[in-house]
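Here's the structure, in structure tokens; my notes come after.
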Amino acid sequence: VLAGHTASGARLIRWLEDGDPSGLDALRALYPRSGGAHIVGITGPPGAGKSTLVDALIAEWRKRGKTVAVLAVDPTSPFSGGAILGDRVRMQRHSVDRGVFIRSMATRGQLGGIARATWEASIVFDAMGFDIVAIETVGVGQDELDVVKLAHTTAVVCLPGTGDSVQALKAGILEVGDCLVLNKADQPGADSAERDLVEMLHLRGEDPSGFLPRLLRTVASREHGIGELADAIEAHRAHGEASGAFGKRSREQARAALLERVREGAARRILGDLSERADVREALRAVDAREQDPYSAADQLVATFLSEKGPS
Ligand SMILES: Nc1nc2c(ncn2[C@@H]2O[C@H](COP(=O)(O)OP(=O)(O)O)[C@@H](O)[C@H]2O)c(=O)[nH]1
Ligand SMILES: [Mg+2]
């Protein structure tokens, strides 16, 4: 995997997806060798042209001498074979290029959630030595926002003629965009959508690190505006490194990854034999009978559990 063998990388990601213990062992060994890649999130509503855009970006990044791994995450449907297949077909022309590695993931029911599966895959790509790791995801729910948080740089893809979707985007993912892409700029309504989005960006102003997100117009299917988008992504990387924003993000990631696993481990130990215990059954009965409130009962149980298990 460290030598960048795609077949090995693919097998490792499969292990991780399947919850195979070998996957976790490999991840432990790889983790210290990760941290070099620029992780780029591409998000937006279905049909906005994300996959087409990623395909065009791959070509642009390759021209600039960068190697690229792509993870296409499709969490929207348990039967998403179609969409995933569509993504892969759109990026098909790069499949013979050794500097490009494309994987897709349908993640409903994924052990530990989409964010975790994506994080693990990105560590693998990163350790494989890819310069850029692009993660395509549909920007809808909280899980997908967590995926976005993983990226150093996030491009939010919008399309014209959907005033409603601009409204919907405003509420959530527009806020996390470091680049705003108005794709399908060849379609009617592009100018008015651009005015709305520019105004929105203007209201938002600079982010806490002093970066001012820009709007880019693209026609992904004709590869228009792709160089400018790659420039904007690169500008955000340069700013993130100079301002310390990437370092801060990396520390937050490390903290979140560590705390999540502490929480998981602690919960597993404490909750493992929960239903078997007499004191838990008694607490359930007392709460049900309104003899005790659930808060005090839970506090008592936690205190008991901790005193029993002790530090080990
Ligand atoms: N007219 C036009 N069509 C586009 C453009 N970009 C993508 N498409 C088409 O929009 C459809 C959805 O694209 P896709 O990349 O699968 O969207 P995704 O769901 O966001 O990944 C495809 O049929 C693309 O060919 C564009 O800039 N202009
Ligand atoms: Mg897609």
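The values are calculated or read from the model by the stated rules, or taken from the named source; none is laboratory data. Small disclaimer: the values here were computed from a predicted structure and weren't measured. When we count neighbours, we look across all protein chains shown, and the Cβ atoms used for this are built from the backbone with ideal geometry, even at glycine.
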- Query: Can you tell which of Arg116, Arg103, Arg108 is among the charged types (D, E, K, R), farther than 23 Å from Pro45 by Cβ and modelled with pLDDT under 90?
  - Reply: Arg116
- Message: So if I check each of Asp207, Asp191, Asp186, which one is among the acidic types (Asp, Glu), more than 16 Å from ligand 2 (Cβ to nearest atom) and assigned to a helix (DSSP H, G or I)?
- Response: Asp191
- Item | The lone exception for Glu194 - which of (1) surrounded by 15 or more Cβ atoms within 10 Å (Cβ to Cβ); (2) free of Cβ contacts under 8 Å to residues at least 12 places away in the same chain it fails | (2)
- Breaking point among (1) modelled with pLDDT of 95 or more; (2) within 23 Å of the chain's Cα centre (by Cα), for Glu175: (1)
- Query: Restricting attention to the range 28-67, which residues are outside any helix (DSSP H, G or I), within 16 Å of ligand 2 (Cβ to nearest atom), buried (at least 22 other Cβ atoms within 10 Å of the Cβ) and within 17 Å of the chain's Cα centre (by Cα)?
  - Reply: Val40, Gly41, Ile42, Thr43, Gly44
- Taking the range 210-223, which residues are surrounded by 16 or more Cβ atoms within 10 Å (Cβ to Cβ), more than 10 Å from Cys179 (Cα to Cα) and of a type outside the set (A, V, I, L, M, F, W, C)? Arg217, Thr218, Glu223
- Query: Which residues, counting only those in the range 152-172, are of a type in the set (Gly, Ala, Ser) and either modelled with pLDDT of 90 or more or under 21 Å from Ser221 (Cβ atoms) (or both)?
  - Reply: Ala155, Gly161, Ser165
